[in-house]
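The values are calculated or read from the model by the stated rules, or taken from the named source; none is laboratory data. From a predicted model like this one, the values you see are computed outputs, not experimental measurements. Note that we place each Cβ from the backbone using ideal geometry, even for glycine, and neighbour counts take in every protein chain shown.
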Amino acid sequence: MEYILLIGIGIGCLLLGGGLVYVIYKTLLKSRVKSIIEEAGKEAEVIKKNKMLEVKEKFLHLKADMEKQANARNAKLQSAEAKAKQRELQLNQQQQELQRKKAEADAIRSNLDAQLEVIEKKKQELERLHKTEVEKLEHLSGLSADEAKEKLIESLKEEAKTEAASYINDIMDEAKLTANKEAKRIVIQSIQRVATETAIENSVTVFHIESDEIKGRIIGREGRNIRALEAATGVEIIVDDTPEAIVLSAFDPVRREIARLALHQLVTDGRIHPARIEEVVTKVRKQIEEEIIETGKRTAIDLGIHGLHPELIRLVGKMKYRSSYGQNLLQHSRETANLCAVMASELGLNPKKAKRAGLLHDIGKVPDEEPELPHALLGMKLAEKYKEKPDICNAIGSHHDEVEMSSLIAPLVQVCDAISGARPGARREIVEAYIKRLNDLEQLALSYPGVLKTYAIQAGRELRVIVGADKIDDAETENLSTEIAKRIQDEMTYPGQVKITVIRETRAVSFAK
């Protein structure tokens, strides 16, 4: 309102044009300006006081914080100073203790030095006395010290040898009572739980026909059909006077089976000529390959073995048509696998791994190509090629000791392979080889001094050795039995185990007349 009044007065002054009014306006304006300035000064003074109060309050807060921090720092410094003083006191005490112990050690060392001097003097005195006594003993006994020492050593050797033989006998007896008993239990239990019918196969197959008229058709004009059949199958076909039978001869059972099936189809169909023979043999060969794979798969499923490479499955199926010493290879491998699983379970090992190694241990006998390698090493290489685990490969390669055993499954496979092949009726050996092995056993035992007679009995499973009572004593009979067993184990190849029995007896014969 004042501004409006002043503006109105100013406008009135301008309108009236009067000087007095202008003077009044000017005076009022000055007084108003002065009052505004005074009010502004008062407000500035109030603001100044408020700001001073705020600054003072902040200063006091900061001062209090600084004092707290200074007090805390002083407290820490005092605590650290107290700890340092305590540590210094402990160090002083430890230094004093070390000095005391050092003084004690110096005293002990000086005492020990004195005792060592006394001991050295006594040692010299003892050496002098020992030398004097040795000279007296040499003079009394008539022997030098070296000669007496040699006699003592010989005496100790004999005594130690006797004690060692006795100790070995005790250990052997204890082992027979514990380990042998447990091993027999596991082996017998495994054999009882596995029963396999092992078929003995020959190198010939007899093909039966309904009448002898078919023989002429099989031979063909000028022998064309039989020549074509032999060329296609690789089997020798023997047509003789045997009634209603044709003999197929070949060492490869797969070829014999192909020839048998091909002949069966040709005879059933009635059309027998070279072109038809080649067609039928090719078809049968494919069927046999499929049957081999199916047999391998069925064997793996029956045994609960999974993840075999397809080529390994084919080799397993091919075992059906192979034999070892007259024992069917697939049946032998199945039996070994089951034995391995049973023994592994009894011993707390992995039965699946043991069964897998037992099934594959003889795959080196049925490869498509036959390099000059032992079947165990060839089987190991095949298993490594088809990504079998290292312990399985080692078990395959070491079951005839061609490589060193590196897992517990390896000796298990070796033992089960021996059980399957060594049981009566499992394998068939050539008579000459059998007789030669018995003679070698007897001659090996006869090569030892003091042996009078030897007898290989129980089909070479036991060797009876009769020694002279005047040449070998009771203690030496034990050593002789052990040495013969070790030599047979190192030098000879045999199925199962050979028991060596050394017999020593004294006979007194008199005649009453």
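Points worth noting:
- Residue list for the stretch 153-174, restricted to those being modelled with pLDDT under 75 and over 14 Å from Glu478 (Cβ atoms): Glu174
- A single member of Val281, Val247 is over 21 Å from Leu330 (Cα atoms) and touching a helix residue (DSSP H, G or I) at 6+ places or on another chain (Cβ under 6 Å), and it is Val281.
- Checking each residue of the stretch 328-338 against the condition of being of a type in the set (Gly, Ala, Ser), part of a helix (DSSP H, G or I), touching a Cys at 6+ places or on another chain (Cβ under 9 Å) and under 13 Å from Asp417 (Cβ atoms) gives at least one match.
- Condition met for Glu257 (surrounded by fewer than 19 Cβ atoms within 10 Å (Cβ to Cβ) and assigned by TED's automatic domain parsing to the domain that holds Ile272): no
- Flag if Glu201 is surrounded by 12 or more Cβ atoms within 10 Å (Cβ to Cβ), at pLDDT 75 or above and of a type in the set (D, E, K, R): no
- Among residues of the stretch 271-292 being touching a Lys or Arg at 6+ places or on another chain (Cβ under 8 Å) and surrounded by 16 or more Cβ atoms within 10 Å (Cβ to Cβ), the one that is farthest from Arg221 (Cα to Cα) is Ile292.
- One residue alone among Lys436, Lys486, Lys453, Lys499 is modelled with pLDDT under 85 and either surrounded by fewer than 17 Cβ atoms within 10 Å (Cβ to Cβ) or of a type in the set (S, T, N, Q) (or both), and that residue is Lys436.
- Residues that are closer than 23 Å to Thr233 by Cβ, surrounded by fewer than 19 Cβ atoms within 10 Å (Cβ to Cβ) and of a type in the set (A, V, I, L, M) are absent from the stretch 324-332.
- Subset of the stretch 368-385 (residues that are out of contact with any Asp or Glu (no Cβ under 6 Å at 6 or more places or on another chain), in a loop (DSSP other than H, G, I, E, B) and not acidic (Asp, Glu)): Pro371, Leu373
- Whichever residue in the stretch 227-247 is among the hydrophobic types (A, V, I, L, M, F, W, C) and surrounded by fewer than 20 Cβ atoms within 10 Å (Cβ to Cβ) and, among such residues, is nearest to Thr205 (Cα to Cα): Val247
- Some residue of the stretch 463-474 being touching a residue at least 24 places away in the same chain (Cβ under 8 Å), in a helix (DSSP H, G or I) and within 21 Å of Asp173 (Cβ to Cβ): yes
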